[in-house]
Structures are given as C-alpha cells and as structure tokens.
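What follows draws every value from the coordinates through simple rules; no lab data is involved. It should be emphasised that the depicted structure is a prediction, and the values quoted were computed from it without experimental measurement. Heads up, the Cβs are rebuilt from the backbone with ideal geometry, glycines too, and the neighbour counts pull from every protein chain shown.
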Amino acid sequence: MKKKDKVKDLEERTFKFAVDVIKFLRTIKYSKENDVVKYQLAKSATSIGANYEEAQGAFSKEDFNYRVSICFRESKESNYWLRIIKATNMSKSAKLNYLIQESFELKSIFGSMQKKIHYRENY
C-alpha cells in the first residue's frame, strides 16, 4: 500500500470513528452525569480526525508532529470515556465494544507514528 493510500485510509477511518461515536451518543439517555461524559467523548472523538486532517496540511515538521501528538492524546481520551460508559452501564449497545476497540487501535497507530517521528528526530 502506498503512503498516499495509507493517509487516505486513516483519514476515512478517523472520520468514520467520529461519525460512529456521534451516532452512538444519540442512544444514551439524558442525565446530568451522562451529558458530561457524552460532551467530553464527542469533543475528543471528533478532534482525532480534525487534527489528522490538519496534520496533512501542515507547513512544517513541527506542526505535523504537534498535530499527530494531539491525535494520540485525543485517541487515549476517547478510549477513556468509552470505558467509563461501559463501566457505568450507561449503554448496553453492541456498538460500544467496537468503539472501544477502534479507539484503542487509533491510539496505537498514532502512538506508533509518534515513536517513529521522535526516533527520526534523534538519529
């Protein structure tokens, strides 16, 4: 797979993740506590793809690296909120396990990208 294809696949994957999270959040009932978690998850999940898109248009290596680091942190945060939803039984949706797994995989992808970036910078 060419680098350009990998970039496009990750752009689509992060976009799909954000859309899937938004649709999933619509299934969680209203309460003050639930709304706090839903708001935080919506912000972190949509931020992953937005920052990856920004990284593709970065004007410098530093800007690209910064955007990838945000993607990593937001992936970790999304995984956290999804695990909170599962642990507190906010949702019984079968989609929840898929979203937890996808957030974990995105976290791993962006973590790997960060390691490669830092390795190249140091050598």
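See the values below:
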| quantity | calculated |
| --- | --- |
| Exposed-loop-free span, longest in the chain, where trypsin sites (Lys or Arg not before Pro) count as exposed if DSSP calls them loop and at most 14 other C-beta atoms lie within 10 Å | 30-91 |
| Cα pair distances exceeding 23 angstrom across the chain, given as percent | 32 |
| Region 63-123: equivalent-ellipsoid semi-axes (sqrt of 5 x gyration tensor eigenvalues, Cα, Å) | 29, 10, 7 |
| Which listed pairs, of LYS61/LYS107; LYS8/LYS86; LYS16/LYS107; LYS61/LYS116; LYS8/LYS38; LYS8/LYS115, have C-alpha distances above 23 Å, in listed order | LYS8/LYS86; LYS8/LYS38 |
| In Hz, Karplus ³J(HN,Hα) per residue of region 69-86 (6.51, -1.76, 1.60; θ = phi - 60°; x = Gly, Pro) | 5, 5, 4, 4, 5, 5, 5, 4, 5, 4, 4, 4, 5, 5, 5, 4, 4, 5 |
| Mean separation of Cα contacts under 8 Å (6+ apart) over length of the chain, as relative contact order % | 27 |
| Rounded to 10°, Cα long-axis angle of helix 3-25 versus longest principal axis of the chain | 20 |
| Column: log10 I(q)/I(0), Debye, Cα scatterers of region 29-70, q = 0.21, 0.26, 0.27, 0.33 Å⁻¹ | -0.64, -0.78, -0.82, -1.01 |
